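Report on the structure given below.
The values are calculated or read from the model by the stated rules, or taken from the named source; none is laboratory data. These numbers were taken from a predicted model, which means no experiment stands behind them. Backbone-built Cβ (ideal geometry, glycine too); neighbour counts: all protein chains shown.
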Amino acid sequence: MTTVANIALVLVSLAGLLAVGRLAAGPGALDRVVALDALVTLTVVGAVLGTLARSDTTTGYVLVVLSLLGFVGSIASARLIERREDMR
Amino acid sequence: MTDVVLDVVSAVLILAGAGFCLLSGIGLVRFPDTVSRLHAASKAQTLGVLLVVLGAVLQTPAGKAPSLLLIALFSLLTAPVTGHIVARIAYRTDAVERRRVVLDELATRLVDEHSPDDRRRDGGEPDDRRPDDREPPSPR
């Protein structure tokens, strides 16, 4: 199971690198919001896989908080972008 | 015996979920505009998380499973909300590439809904004219 979790961890890390690439390149602010949201999700998935690989379950509810924070953050920044566009 | 079956099932689930995450990362880089990137990113947020968490739940002792299941539940609840709001703002701030859109039902809908509003905002005068427009047919 450890090897499976490590292989999956490599795949998720590659996806995270691609998301960071979009975060750096993304032409609009909304692209960056989408990339950041995906990055938070990938972080949560990676942490779950990490607990599985090392078979310690101390992270637990921290990941729940992290995913909820990612949700609130992307909603807030999207609304901020909307308001900024309205000002123009 | 059941341990082996459980291991195989959770390995398949975890690898499939990680594969979905990688696919959504590739889509995030390759797709042309914000809305299609949103479509790619939401694959990781729903299927990727769900499959990996299910695979991990099969491997963890029963006492530790609730936090993992909460992660899956919250990501299932929040991904559609984020997607909806970001897509709506992308449409309104013209982040959608119009020439790639095959069918835009919202545009005609918005025109239909906005035209009466615009008439009312002009001081209500066109609203007074409307019954006049309707009157000529009735005497005939």
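Within the range A:7-15, does at least one residue satisfy the condition of being farther than 30 Å from B:Val5 by Cβ, at the interface with chain B (Cβ under 7 Å from one of its Cβ atoms) and either hydroxyl-bearing (Ser, Thr, Tyr) or in a helix (DSSP H, G or I) (or both)? No; the residues of the range A:7-15 include none that is farther than 30 Å from B:Val5 by Cβ, at the interface with chain B (Cβ under 7 Å from one of its Cβ atoms) and either hydroxyl-bearing (Ser, Thr, Tyr) or in a helix (DSSP H, G or I) (or both).
Scanning the range A:67-83 for residues that are touching a residue at least 24 places away in the same chain (Cβ under 8 Å) and more than 9 Å from chain B (Cβ to nearest Cβ), which turns out surrounded by the most Cβ atoms within 10 Å (Cβ to Cβ)? Per the stated criteria, the residue is A:Ser77.
Restricting the range A:26-46 to residues that are at pLDDT 90 or above and more than 7 Å from chain B (Cβ to nearest Cβ) leaves a set whose member that is farthest from B:Val52 (Cα to Cα) is A:Arg32.
Residues that are over 18 Å from A:Arg54 (Cβ atoms), surrounded by fewer than 20 Cβ atoms within 10 Å (Cβ to Cβ) and touching a helix residue (DSSP H, G or I) at 6+ places or on another chain (Cβ under 9 Å) within the range B:51-65 comprise just one, B:Leu54.
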